[in-house]
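Enquirer: Below are the structure tokens for one structure; questions will follow.
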Amino acid sequence: MAEHPAYPVGLRLSGRRVVVLGGGQVAQRRLPALIAAGADLVLVSPEATPSVEAMADAGEITWERRGYADGDLAGAWYALIATSDPDANRAASAEAERHRVWCVRSDDADAATAWTPATGHSEGVTVAVLTTDARGRDPRHTAAVRDAVVEGLRDGTLVAPHHRTRTPGVALVGGGPGDPDLITVRGRRLLAEADVVIADRLGPRDLLAELPPHVEVIDAAKIPYGRFMAQEAINDALIEHARKGRSVVRLKGGDPYVFGRGMEEVQALAEAGIPCTVVPGISSSISVPGAAGIPVTHRGVAHEFTVVSGHVAPDDARSLVDWRALAALTGTLVILMGVDKIGRIAETLIAHGRSPDTPVALVQEGTTAAQRRVDATLATVAETVTAQDVRPPAVIVVGEVVAVGAGAPPDAARPAPAGSDPQK
């Protein structure tokens, strides 16, 4: 039998008796998949690992606390033999052969009638990899092939088009702060499967170059009708392409719901009867400061952080931000879209009690190759922005956390505030 390759097959074990002999590490690794398959699982072992015991306590398996006895495999469809007793393993394997029960042996694969493939899962697809030549089995290579295939399916680098009709719709995908590696696995996979991509200027632009030639890419920043009608035009474009039966991805920077107007698009699609999936993204409000060496919270320094939009000034009637309340907080303030308004914002925070010496960091083009960090204080930030020619997109961080970590200037280190907690 060793001269012939194994025949791959998928076993449908739901409701069927499966016997596992041995409750050690092998059983601990294999049982979850058998449970997920719906098998009627019987574990025969005098002992078990804590994780296996927890499965029994939860009623996921039936545990018979004893050693193997002849007849244990009667009525079984499949058996996993993984005890530490070679004699018991051989006897159980012989019983499986007599009863024509497919049997996996953890101690001697050549004596088994079945092998467990290296498996992985990606969006309804199970990838199972077997070495075809029994004489040259290499479990590490098999697992590496499995990992490469699954990772490729997940991140979209291995594109497997759907040939059956797909349900048209829209996916609002948060692309993250700019670095293409920071998009989520699900977001990248949906991008790889798209027919149409409507992309924001702040989305991970490098990913667009990886799309197949047939994918239509629409620059949302160039959709006509003017600045204040742009969102309505984007909504119309999403609906139009989805109604043509296309798979549409709305690629947005950061997270769709963090100043991304994602809910407006979801509502427009719902009113039009278009199915929509929202894929969260890594928000620049946290990731960009982190990439510049700034933690938005830090033990003994900041117990909270607040994210606000700075696209309108504090004295603008359209502003919904309570700047007086923000000035009274002692934690971190993260301001998005506020570069051109930072002077008036700083003045307002100082007027309401925030110290002029409060550290401020501006991180431009965060997580990209063009990232740069400029440090200032509330008192100097307006002139610093002008002098250093800081331009959007930039994330502004206000608070003592700016002086924490390797990213801070050498003279910016400050002691923790008096009375701060030594442990958290």
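No value in this document is a laboratory result; all are computed from the given coordinates. Bear in mind the structure is a predicted one, so any value in this text is a computation, not a measurement. FYI the Cβ positions are ideal-geometry reconstructions off the backbone, even for glycines, and counts take in every protein chain you see.
Enquirer: How many percent of all Cα-Cα pairs in the range 285-412 sit more than 16 Å apart?
Expert: When all Cα pairs of the range 285-412 are counted, 57 percent exceed 16 Å.
Enquirer: Separate question: What does the charge count near Thr330 come to, summing +1 for each Lys or Arg and -1 for each Asp or Glu among other residues with Cβ under 12 Å from its Cβ?
Expert: Once positives and negatives cancel, what remains is -1.
Enquirer: Which percent, to the nearest 5, of DSSP beta bridges fully inside the range 169-279 are antiparallel?
Expert: Counting DSSP beta bridges with both partners in the range 169-279, the antiparallel share is about 5 percent.
Enquirer: If you stretched the chain out fully between Ala230 and Ala387, how much longer would it get, using 0.36 nm times the residue separation minus the C-alpha to C-alpha distance?
Expert: 53.3 nm
Enquirer: Charges at C-beta only: +1 for Lys and Arg, -1 for Asp and Glu. How large is the resulting dipole of the chain about its Cα centre, in Debye rounded to 20?
Expert: So the dipole magnitude of the chain works out to roughly 560 debye.
Enquirer: Give me a comma-separated list of calculated 3J(HN,Hα) values for the range 366-381, in order, Karplus coefficients 6.51, -1.76, 1.60 applied at θ = phi - 60°, integers in Hz, x for any Gly or Pro.
Expert: Result, ordered by residue: x, 6, 9, 5, 8, 4, 8, 10, 10, 10, 7, 10, 4, 6, 10, 5 Hz.
Enquirer: How do Val360, Val127, Val395 line up, fewest other C-beta atoms within 10 Å first?
Expert: The most exposed by this proxy come first: Val127, Val360, Val395.
Enquirer: May I ask you to compute the full-extension gain from Ala328 to Glu151, defined as 0.36 nm times their residue separation minus their alpha-carbon distance, rounded to one decimal in nm?
Expert: So the extension gain works out to 59.0 nm.
Enquirer: Of the candidates Thr49, Thr142, Thr113, which one comes out as most mobile in a Gaussian network treatment of the chain with C-alpha springs shorter than 10 Å?
Expert: Result for the chain, Cα springs under 10 Å: Thr49 fluctuates most.
Enquirer: Can you compute 3J(HN,Hα) from phi for each residue in the range 396-404, using the Karplus curve 6.51 cos²θ - 1.76 cosθ + 1.60 with θ = phi - 60°, rounded to whole Hz and x for Gly and Pro?
Expert: Rounded to whole hertz, the list is 10, 10, 10, x, 5, 5, 4, 8, 9.
Enquirer: Continuing with this model, one more query. Calculate how many DSSP beta bridges within the chain are antiparallel, expressed in % of all such bridges and rounded to the nearest 5.
Expert: 35
Enquirer: Quick check on the range 285-412: of the DSSP beta bridges with both residues there, what percent are antiparallel, nearest 5%?
Expert: Bridges in the range 285-412 are about 75 percent antiparallel.
Enquirer: Is the shape of the chain rounded, prolate or oblate, going by the alpha carbon gyration tensor and its root eigenvalues a ≥ b ≥ c, with a/c under 1.5 for rounded and a/b larger than b/c for prolate?
Expert: prolate
Enquirer: Would you calculate the separation in nanometres between label points at Lys244 and Thr297, each defined as 7 Å from the Cα along the Cα-to-beta-carbon direction?
Expert: 4.6
Enquirer: Additional query: Among Met337, Met55, Met263, rank each residue by its count of other Cβ atoms within 10 Å, from fewest to most, as a rough exposure measure.
Expert: So the residues, fewest neighbours to most, are Met263, Met337, Met55.
Enquirer: Could you list Lys244, Lys252, Lys341 in order of exposure, starting from the residue whose Cβ has the fewest other Cβ atoms within 10 Å?
Expert: Lys244, Lys341, Lys252
Enquirer: Net charge within 11 Å of Val395 by Cβ-Cβ distance, Lys/Arg positive one each and Asp/Glu negative one each, not counting Val395 itself?
Expert: For residues surrounding Val395, the net value is 0.
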